[in-house]
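Single-structure report; data block below.
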Amino acid sequence: MERSFTPPGKDPGQPDASCESACTATAAVSDQGVVAGWSEGARRLLGYSSSQVLGRAAASLLADAGEAARHPWGELERWSGTVALRHRDGHELELDVLAHRRAPVGGPAEWLVVSAVAGPADTLSTETLEQWAFRQSPDSLAIFDTDRRLVQVSVGMQQALRLTEKVMRGLRMTDIAPGEGSTQIDSGMRRALECGEVQRRNAALRLPGTSPGLGWSAYLTPLKDPGGRVRAVCLAAHPGPEGSFVQQREFLVHEAEARIGSSLDIGLTAQEFSDVAVPDFADFVAVDLLDFPQQLDAAAPVSTTKPVVVRRAAYRSVLKGSGLFPAAAGAATFYPAASPPAQCLALGHAALYGSDALALDGWAQADAGAAWLGGAGMQSLMVVPLVSDGSSLGIALFARHRHREPFDVGDLRVAEELAAKAAVALDHARRHTQARTTTMALQRSLLPQTLPDQTAVGIASRYVPAVTQAGVGGDWFDVIPLSGARVALVVGDVVGHGIRASATMGRLRTAVRTLADVDLPADELLTHLDDLVLHLSVEEGARDPAAETAVGIGSTCLYAIYDPVSRRCTLARAGHPPPAVVTPDGVVRFLDVPAGPPLGLGGMPFEAVEAELPEGSLIVLYTDGLLEAREHDIDEALDKMFAALARPAMALETICDRVLTALLTHPPADDVALLVARTRALHADRVATWDLDFDFAVVSRARRHTGDQLAAWGLDDAAFISELVVSELVTNAIRYGQPPIQLRLIHQDSTLVCEVFDSGSTTPHMRRARTFDEGGRGLLMVAQLVQRWGTRHDRVGKTVWAEQSLAAI
């Protein structure tokens, strides 16, 4: 049976010539997908009469029959989108369709599908309709240009301001309705133009014939062109009765919650507090804080009989150049004992003062710095303490100019709420600042204060702490002198931030120095360090299972040993970024060092590699914070670093500065440690080597070689001690070691190193000889004659070495 639509309110028996039947295509589709209704507009749109469509599958009208499966109408209450339909004559139509699910009385549920049908050409442009809608709107709307002068205004705004558009056009809000309310709206307008964001202002406009309490809640929306440039500002205002000021105060408190405490910087937090209060609530605000640091867990009492010295953290004033609150941010401010601010700090109570209050007169007489009380027409003052967890942090001063209503008791309550929220944020920032200061002090004390002068390499370094709320991390570096004129270069990064990471870093740095002192190869040193980190993780977890370190202490490390005699560098790394090398000809590359797992995982071996470096090469070690400072664009970071390193520069300090300048375009979110070393070489004229027979008779020959070589170096004064040392070391090698034996002398600038190698693995020990013992005094004598001595184990054999200073000779 044929079914057609009848618009609501129409007689089914009358012909339907309305816009709805002629210009709206309407169809009903059952849950089974069968067309159950067809309107005249649908016939005009697709060319099918109702008799040709009713009872057919709706999918047969689609241009693509498979498209029906992509519209899950049965799961929705409403659907909208674009559908491709097939006209009766065969051509395809792309239509915007809206479908509603409905349940007619007495009938099954079905879908009502509607789409607009193109009607006769409309002579009204969209732009014309928008202009009519704006101008005739009963809402209070106005558009101001970038100079904040009125361009257009709605009927509702004209009625609210009781002025015509002709009179107001070209004027600013402060010209149309002079007063503090319009000043606040004008300031919001200026802010919207500057930042391009919607601003909200609560203001009271003083209009002829209205009560003084008429309040407006105004939204100022920047109007942007397609290019994003702000071209005007739209003011939408909602006038209300005096009770709207209650809402204004509530809004102010909510805004304080959103804006105060966005960072952990004390000065910025105090300034956010001032910016919230001015100009909507007060004309002038100053935030004065007691000097930090104080005890965090105990309030610092303020005497009621002694002057108080505070530090100005922030201030803001609506008047420019008025001299109000002359102390600049960061300056010390002195308050006499009887002054309202000092009493507020001592008693912890907020107070409200009028311009004629005796307390203010006494303050002005006792303090020449309080001349501002009358200098700018101040007529009302509130002094509110900043207290958090029972600890007094400082005070906030609120003042109003003579052109505004004085503060009342309700304003005092609002000021106390604002101060309470600010105090919590300031206390949080204070605690973070003190924790960061403590961590920084610990971090600095654990890092090398000065880098030792090295014959093997020239050194320069940089350390840049993170500036995030997480705090300072556990990045570190070190330069460790080794035997045989060699040097170890170390860079590491402990996972995490704060004092735990810094403390762990200190323990690892000490462990590396201890392990390096026994001349362990690079891969073996990392293995021992990995065991230590595993032990620390277990220890931390047992001490505090809830601590973040209970799940394990993670760290990365790169350990490199450079030998200036062979000009070879041995490296191993544990999950750390590879080092960069710059050869003297300016070629920059990464050394191919197997990554190895981070420290603390255990079970995986570390692999060391050797690379021969020409004299004058640069070795660049760093932590990953250097690359992550480029906002995770690692390729760009590497390009920047390589470009900075490729530029020729003699001074290593200059190279460090270039790298940091290129990569740290903003304060880093993670610590950055950078260590740059330029290799040097000990040439053949500074090193002498002899292969010795495995016979005690060779000891005298070794002494003779030593004396001759020292004479050639001009070190005759060192010959006696050196010959004794060589004699003892060679004798021990023959007695306790294995052939072959080799003697080597290394002449550095201020030291002389004697080394004896043998292929045995027995480590010599120094012992105290008894009175009648025939042996046991040799190494004791060596230890007394030289600056330091030790044993270095190689893959095969060992080297016993002794280093004596030439400075005292």
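Note on the stretch 448-679: semi-axes of the ellipsoid equivalent to its C-alpha gyration tensor, largest first and rounded to whole Å, are 27, 22, 15.
Packing, as the average of other Cβ atoms within 10 Å across residues, places the peptides 82-93, 602-613 in the order 602-613, 82-93, highest first.
Summarising the label geometry, the points placed 7 Å from Cα in the beta-carbon direction at ALA646 and ARG795 lie 3.6 nm from one another. Over every pair of different alpha-carbon atoms in the stretch 685-805, take the mean of 1/r and invert it; report that Kirkwood radius in Å. By the Kirkwood definition, the hydrodynamic radius is 14.5 Å. When peptides 270-283, 522-535, 779-792 are ranked by their average number of other Cβ atoms within 10 Å per residue, the highest-first order is 270-283, 522-535, 779-792.
Taken together, the values in this text are just the output of simple stated rules run on the coordinates, not laboratory data. Bear in mind the structure is a predicted one, so any value in this text is a computation, not a measurement. Cβ atoms come from the backbone with ideal geometry, glycine included; neighbour counts cover every protein chain shown.
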